[in-house]
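Written out below as structure tokens is the structure these notes cover.
The values are calculated or read from the model by the stated rules, or taken from the named source; none is laboratory data. Because the structure is predicted, anything quoted here is derived from the model rather than measured. All Cβ positions, glycine included, derive from the backbone under ideal geometry; neighbour counts span all protein chains shown. Ligands, DNA and RNA are excluded from the accessible area calculation, which covers all protein heavy atoms including side chains. Shrake-Rupley method; radii C 1.70, N 1.55, O 1.52, S 1.80 Å.
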Amino acid sequence: MTASLNMHKVEVALMKEHAFSSALRRFLEFGRGCLLNVPGDEPPLPEAADFEPLAGMLAQAGDAFAGDLTLGLASEDSEIIIPLLAAFNLGDYACEAADRLIDVTDQARDAAMKDVCALSDDIDGLPFGRLIPLNEWRRELLGQIPQENHFLFPWLTECAQFDSDSLERIIQAWDELWDRTATRDDVEALVPVLAAIQSDTALLDHLKAEARFHSSVMKAAGELARQQHMERARRSAGKAPGIMDRIVSWLRMPAVSGAVALVLVAGIFFATQVDKGGRPMPIGVTMEMLVYQDGLTVRGGEEAEPEVRKPADAPLEEGDAIQIRFMLEEAAYVYLFHEQKGAPHEPLFSGRLGKGEHIFPEEGKRIRVIAPSEEEGVALVASREPLSPADLEKALADEADGGAAKATIIHFQF
């Protein structure tokens, strides 16, 4: 089904959902035909009262678009947005039909349509730069509309000239863009985007927050991992994402789209401390999962308290979203890795953490389970002293080999 046909089906569904009269439906279809240069026969005019549900629908759609729903959209989120844009389209169709069919002497209908057109004018001023991630889809829709009528569809045209990944790239290059140290390619591609969305303070605040979290994790992962990720991202555009690509997607938006472990392993490495018998002394660590059933709620909805899972508890299911919570009985250097059978360990976080409770990802973020697998997991290594890459690899290898002298394992498994 083409994007245009799907959009029209949603328009029809909205007219039914909001109980538009038969006369109003024919009126809107006439306006649609005029805007698409396929006008039909003139329909009988709706009564003035028939326009009230249309005005109510436009007000609701405008409020929804201006809220948090449209922050952090991804290319696959057209299903979230299509009812709003379909509502905006219906407003356009009504205004076009009214221009052609309603005489100003028809005071009741003219007054009712002025309310609808005023709402459509307000909609025209909404921050449509938020739809940049959907630009390919928007361009497909725009291709079905005659060029001379494009200006009537700002939700399809505004910022449509930019690459769909522009907002994600802004998150990744945020500090460099503001410090004026960004690459020439980023400056040329992204500064015009920032200029176009500068009046949307909510979007800029969202991008700044996501950039801050993205930066903290990428720094913790290390410059080498960052370079490897960026190079892999360039080489594998359009292919299935690797774990670092998925990490970036987790950080990009609350409605996470990554996939991660069901086998959670916490290996505790003893680098320097031994007891009187010369045996390693463990750092006290406990670990558990906070499980949010069925992943994240729809934006703007309420979310139930997470279920706490411990070893041997029920397995996770596809769609669940998790956080890792661990307690350190003393300050330690903590290293988090993603691990998958047959693949190198990928760093997720490293840093010295104080005694007490810690959560990864931070509050407001989740790791979503899409395809649970016993061959994929997260390893935590805690040490009183900072560890070299060689030490870390040895700790992880000992963990895999079951080396009790070097590691203690907390195992979450299906």
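Taking the protein heavy atoms of the stretch 1-65 in the context of the full set of protein chains, the accessible area attributed to carbon and sulfur is 52 percent at 1.4 Å.
Please give the per residue accessible area of the stretch 153-208, computed with a probe of 1.4 Å over protein heavy atoms only, in Å².
Details: 2990 Å² over 56 residues.
Heavy-atom accessible area per residue stands at 53 Å².
Under 5 Å from the amide H of Leu348 lie the amide H atoms of Leu336, Phe337, His338, each residue being 5 or more positions distant or on a separate chain, with H modelled from the backbone and absent for Pro and chain starts.
For the stretch 1-126, what does the relative contact order come out to in percent, with C-alpha contacts under 8 Å and a separation of six or more?
Details: 124 pairs, mean separation 43.5, N = 126.
Averaging sequence separation for qualifying contacts and normalising by length gives 34 percent for the stretch 1-126.
For Asp103, the accessible surface of its heavy atoms amounts to roughly 80 Å² (probe 1.4 Å, protein chains only, rounded to the nearest 10). Ignoring ligands, DNA and RNA, what percent of the accessible area of the stretch 153-208 is carbon or sulfur (1.4 Å)? Carbon-and-sulfur percentage of accessible area, whole number: 48.
What order do Glu52, Glu288, Glu168 take when sorted by accessible area (1.4 Å probe), most exposed first?
Working: Glu52 130, Glu288 30, Glu168 60 Å².
Final ranking, largest accessible area leading: Glu52, Glu168, Glu288.
Considering only DSSP states other than H, G, I, E and B, which trypsin sites (Lys or Arg not before Pro) in the stretch 172-210 qualify as loop sites with at most 12 other Cβ atoms within 10 Å? Please list the in-between numbers first.
Numbers: sites: Arg180, Arg184, Lys208; in loops: Arg180.
When the trypsin sites (Lys or Arg not before Pro) of the stretch 172-210 are filtered for loop state and at most 12 Cβ neighbours within 10 Å, Arg180 remain.
Per-residue SASA remark: Arg384, around 50 Å² accessible (1.4 Å probe; ligands, DNA and RNA not included).
Using a ≥ b ≥ c from the Cα gyration tensor of the stretch 56-167 (square roots of the eigenvalues), is it rounded, prolate or oblate, where a/c under 1.5 gives rounded and otherwise the larger of a/b and b/c decides, a/b for prolate?
Working: a/c = 2.86, a/b = 1.78, b/c = 1.60.
Taking the square roots of the gyration eigenvalues as a ≥ b ≥ c, the stretch 56-167 is prolate.
Relative contact order, whole percent, for the stretch 153-208 stands at 38, derived from Cα pairs under 8 Å and 6 or more residues apart.
Report Rg/Rh for the stretch 153-208, rounded to two decimals, where Rg is the Cα radius of gyration and Rh the Kirkwood radius. Before the final figure, lay out each step's value.
Numbers: Rg = 11.3 Å, Rh = 11.7 Å.
In the stretch 153-208, Rg relative to Rh is 0.96.
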